[in-house]
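Report on the structure given below.
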Amino acid sequence: MHLTLIRNATLILEYAGKRLLIDPFFAPKHALPSFAGVSKNPTADLPMTIDAITAGTDAAFVTHTHGDHFGPVAQEKLDKTLPLFCQPVNTDAIREAGFTAVVPIDTETIWEGMTITRTGGHHGRGGVTEIMGPVSGFVLRAEGEATLYIVGDSVLVDEVRDAIRTYNPDIIVTNSGGAMWDDPDNPSERTTILMDAAETVQVAQLAPASRIITVHLEALDHCTVTRTDLRTAADAAGIPAERVFIPADGERVPL
């Protein structure tokens, strides 16, 4: 099994003999508006061509349909006949984008010998969760492979803790950029809508036998956690780099 971080939350996962594309986001650097008044988005280039990213893809996963997880360029470039796994609430929108093999997962499905379980999360806390809408993660299991948990866009909440306890994943992929959004409950404040460095460290402490792969970093201007911040926090907690691993864009990681 190998995981390649493309950029943001976009991953290529080589798992159980399949090449899986997670949360495809292919917009060129600075093609989109700012979220935080810092820079146009995305703030980083893709590390390889779209053709190289999509070549040989057997299936795609969309944790939710925000533009930095399933953007217009990806919708245009992806093969519309690919099996595409998603949360049920996004089914109609993905089909309306022309995809003909959409597989909504209510709880669990089996595909090509792979068990795929959908998990929950909260894209923020309080009133911001209504603005952000529902999000999902996925647990992947297959004979001869490590159990892998893709948390998705969530802060550290009971649904995430429960998934860790229930599935005891060998690998946990966290979206750890600490992205901020205006808090509707406190209009003068902003609140996190992704895990930050402290919550990522808590995940590693909750799952001492798991390896944590951290993504969704340094690609959007409202993300406040850098790779250096995350490494510093993990080091301060005594968690070594092999347990909280922080890949660079384009890096292929053996798992």
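The values are calculated or read from the model by the stated rules, or taken from the named source; none is laboratory data. Quantities reported herein were computed from a predicted structural model and do not represent experimental measurements. Note that each Cβ is placed from the backbone with ideal geometry, even for glycine, and that neighbours are counted across all protein chains shown. All accessible areas refer to the heavy atoms of the entire protein, side chains included, with ligands and DNA or RNA removed. Shrake-Rupley method; radii C 1.70, N 1.55, O 1.52, S 1.80 Å.
Give Asp23, Asp92 a once-over and let me know the one that is within 22 Å of Gly250 (Cα to Cα) and modelled with pLDDT of 95 or more. Don't jump to the end; show me each part of the working.
On the way: Asp92 fails: within 22 Å of Gly250 (Cα to Cα).
Of Asp23, Asp92, the one residue that is within 22 Å of Gly250 (Cα to Cα) and modelled with pLDDT of 95 or more is Asp23.
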Counting just the residues of segment 86-118 that are within 21 Å of Lys18 (Cα to Cα) and among the hydroxyl-bearing types (Ser, Thr, Tyr), which one comes out nearest to the chain's Cα centre (by Cα)? Thr117
Could you check segment 165-222 for strands (runs of 3 or more DSSP E) lying wholly inside it with 2 or more residues that are touching an Asp or Glu at 6+ places or on another chain (Cβ under 9 Å), open to solvent by 20 Å² or more (accessible area, probe 1.4 Å) and closer than 19 Å to Val38 by Cβ? 190-192
In segment 1-49, which residues are open to solvent by 50 Å² or more (accessible area, probe 1.4 Å) and in contact with a Pro (Cβ under 9 Å, 6 or more places away or on another chain)? His2, Pro28, Lys29, His30, Ala31, Leu32, Lys40, Asp45
Segment 223-241 residues that are over 19 Å from Arg7 (Cβ atoms), paired with ones that are outside any loop (DSSP other than H, G, I, E, B) and open to solvent by 50 Å² or more (accessible area, probe 1.4 Å) (beta carbon under 7 Å, 6 or more apart): Ala233/Ala198
So Gly126 clears everything in (1) at pLDDT 95 or above; (2) on the phi > 0 side of the Ramachandran plot except one condition, right? Which one? (1)
I'm told Ala234 meets every condition in (1) more than 22 Å from Thr129 (Cβ to Cβ); (2) open to solvent by less than 10 Å² (accessible area, probe 1.4 Å); (3) within 16 Å of the chain's Cα centre (by Cα) except one. Can you identify the failing condition by its number? (3)
Answer from Leu5, Leu84 - the residue that is more than 23 Å from Thr214 (Cα to Cα), at pLDDT 95 or above and touching a strand residue (DSSP E or B) at 6+ places or on another chain (Cβ under 7 Å): Leu84
Residue count, segment 237-255, condition surrounded by 11 or more Cβ atoms within 10 Å (Cβ to Cβ) and acidic (Asp, Glu), comes to 2
Test Asn186 against the stated conditions and say whether it is out of contact with any helix residue (DSSP H, G or I) (no Cβ under 7 Å at 6 or more places or on another chain), at pLDDT below 95 and polar (S, T, N, Q). yes
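Sort out which residues of segment 7-47 are assigned to a loop (DSSP other than H, G, I, E, B), under 23 Å from Val173 (Cβ atoms) and in contact with a His (Cβ under 7 Å, 6 or more places away or on another chain), and write them in order of number. I'd like the intermediate steps shown before the answer.
Let us first name the residues in segment 7-47 that are assigned to a loop (DSSP other than H, G, I, E, B), namely 8-9, 16-17, 23-31, 33-40, 42-47.
Those left that are additionally under 23 Å from Val173 (Cβ atoms): 8-9, 16-17, 23-27, 35, 42-47.
Residues satisfying the conditions are Asn8, Ala9, Asp23, Phe25, Phe35.
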